[in-house]
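The values are calculated or read from the model by the stated rules, or taken from the named source; none is laboratory data. All values derive from a computational prediction rather than experimental measurement. FYI the Cβ positions are ideal-geometry reconstructions off the backbone, even for glycines, and counts take in every protein chain you see.
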Amino acid sequence: MTDILMFFQAAVSILLIILVLLQFGKGAEAGLFSGGGDSLMTGAQQGNILSKATVVLAILFMGNSVLLARLQGKKAGSSLLDSEAPVARPLNSDALNPSKIKTEASKKIDAVKDSASDAVNKATKKMDAVKNSASDAAKEAGKKVDAMKNSASDAAKEAGKKVDAMKNSASDAVKEAGKKVDAMKNSVKDAVE
């Protein structure tokens with residue numbers, strides 16, 4: 001069945017090519033037999049019949065192509081694309097020695113591990129330095145707060161002493177004024193008597 005369809009496909013293809021070449025287009029010499037005056041059909045009749053035959057042959061060609069594709073798809077269970085791609089043979093001799101590749105890979109892995117370990121150690125040292133710096137800053141701030149507290153306490157004591165001195169001075173002034181008032185009272189009393 002497939003052989004018959006393949007032969008039919010070839011025949012339709014050849015007829016389709018011939019019909020396309022026989023047709024004339026908008027140019028004067030587009031077709032194969034466009035300039036001959038002794039042809040059996042005139043230009044209008046020839047174009048109409050050839051174009052209809054071309055459409056019929058094109059439809060037959062497409063339908064036969066689809067039918068052949070479906071028959072081939074059912075016959076073949078697998079595709080070329082289903083299999084794995086072939087692996088090319090190595091170009092250099094190093095690729096043939098898997099232990100050498102394994103050793104180089106191990107070296108690279110070790111180098112990456114060492115690099116990562118160094119990065120972690122550096123980060124840990126930086127974190128410790130930041131922690132120590134923050135601790136030192138906190139201690140320094142604590143010392144400044146204590147110094148300010150002591151300074152405020154000293155200022156409060158000094159103010160207390162000044163207040164006491166002013167109180168004593170005011171008390172002395174009041175006593176002195178009391179004495180003067182008593183003296184004036186006595187002198188007024190003496191003067192009245």
Q | Matching residues, region 50-62, being modelled with pLDDT under 90 and surrounded by 14 or more Cβ atoms within 10 Å (Cβ to Cβ) | A | 50
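Here is a yes/no grid of residues against (1) at pLDDT 85 or above; (2) surrounded by 10 or more Cβ atoms within 10 Å (Cβ to Cβ):
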{"site": "140", "(1), (2)": "yes, yes"}
{"site": "149", "(1), (2)": "yes, yes"}
{"site": "167", "(1), (2)": "yes, yes"}
{"site": "170", "(1), (2)": "yes, yes"}
{"site": "188", "(1), (2)": "no, yes"}
{"site": "192", "(1), (2)": "no, no"}
Q: May I ask you to verify whether residue 65 is modelled with pLDDT under 90, part of a helix (DSSP H, G or I) and either within 30 Å of residue 10 (Cβ to Cβ) or not aromatic (Phe, Trp, Tyr) (or both)?
A: no
Q. For residue 150, are the conditions met, namely being in a helix (DSSP H, G or I), over 60 Å from the mean Cα position of the chain (by Cα) and among the polar types (S, T, N, Q)?
A. no
